[in-house]
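The next block holds one structure in the form of structure tokens; read it before the comments.
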Amino acid sequence: MYNASDLKVGKKFIMDNAPYEVVSYAQKVMGRWGSIINIKARNLLTGSNIPKTFSDHDRFPPADITNTEYDYLYNDGTNYYFMNNTTFEQVELLKEALWGAELFLQDGDKVLLQEFNGNPINVNLEPTCTLEVTETPPGEKGDTATGGKKPATLTTGLIIQVPLFVKVWDKLVIDTRTKEYRNRA
């Protein structure tokens, strides 16, 4: 069991029969009366963030979360299909369970699925991925003085802002946390 004061950033715990991960943590010491713990926690089933306040005497069980490597196979628009690399078992996740990770998935990618009590609940992405530009307008000659940006559509359908020198078929490194261009691959 975790005390509320143990719920540091990154800890996973059970609250209201659902797994949560601590996103932010602040503690205010009240002298003889103990501490007040303010956290922001992400529900690992729904992806929603909620603020919570606890006493330092509140206790929570740890969440049984494991990461298992899967291959991304394909999607049918609403369901995304993955195959376990060791058991070759196939599982499916609804698009809503991916929280936007589907914008970075390409057929055959190796991904880590978070599992709660043995059931896959969401995808853990690498911090960056490489995607190819399928559509972007040409950059205007002489527009580089202002460090201009233009929209680019990538192979997965993701649309991001890129520098003017980027062309169709360029492979780009994208930050999966911020959905921003990092550099050319």
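Computed from the coordinates by the stated procedures, all read-outs in this text should not be read as laboratory data. Just so it is clear, the model here is predicted, and its values are computed rather than measured. Note that we place each Cβ from the backbone using ideal geometry, even for glycine, and neighbour counts take in every protein chain shown.
The lysines whose alpha-carbon is closer than 30 Å to the alpha-carbon of K171, local same-chain residues fewer than 8 away aside, are K95, K110, K141, K149, K150, K179. Which FRET efficiency value, to the nearest 0.05, is calculated for I159 and N84 with the Förster distance at 30 angstrom and r the Cβ-Cβ distance? Efficiency at R0 = 30 Å is approximately 0.40.
Both numbers refer to the Cα atoms of region 2-60; Rg and Dmax are 11.2, 38 Å. Can you work out D for region 65-124 in µm² s⁻¹ from Stokes-Einstein, where Rh is the Kirkwood radius over C-alpha pairs, the temperature is 10 °C and the viscosity is 1.306 mPa s? Diffusion coefficient, whole number: 141 µm²/s. Estimated at 0.36 nm per residue, the fully extended path between Q106 and A18 surpasses their Cα-Cα distance by 28.7 nm. What the Kirkwood sum gives for region 32-135 is a hydrodynamic radius of 15.9 Å, with every pair of different alpha carbons counted. Note on E126 and L73: their simple-model spin labels are 2.3 nm apart, each label 7 Å out from Cα toward Cβ.
Between the listed residues Q27, N117, Y181, the Cα displaced farthest toward the positive end of the dipole of the chain, a dipole computed from Cβ unit charges relative to the Cα centre, is found at Q27. Among K167, K28, K110, the largest mean-square fluctuation in a Gaussian network model of the chain, built with springs joining Cα atoms closer than 10 Å, belongs to K28. Placing pseudo-labels 7 Å out from each Cα toward the beta carbon at R59 and N38 gives an inter-label distance of 2.7 nm. Were the residues from T178 through A26 laid out at 0.36 nm apart, the gain over their Cα-Cα distance would be 52.3 nm.
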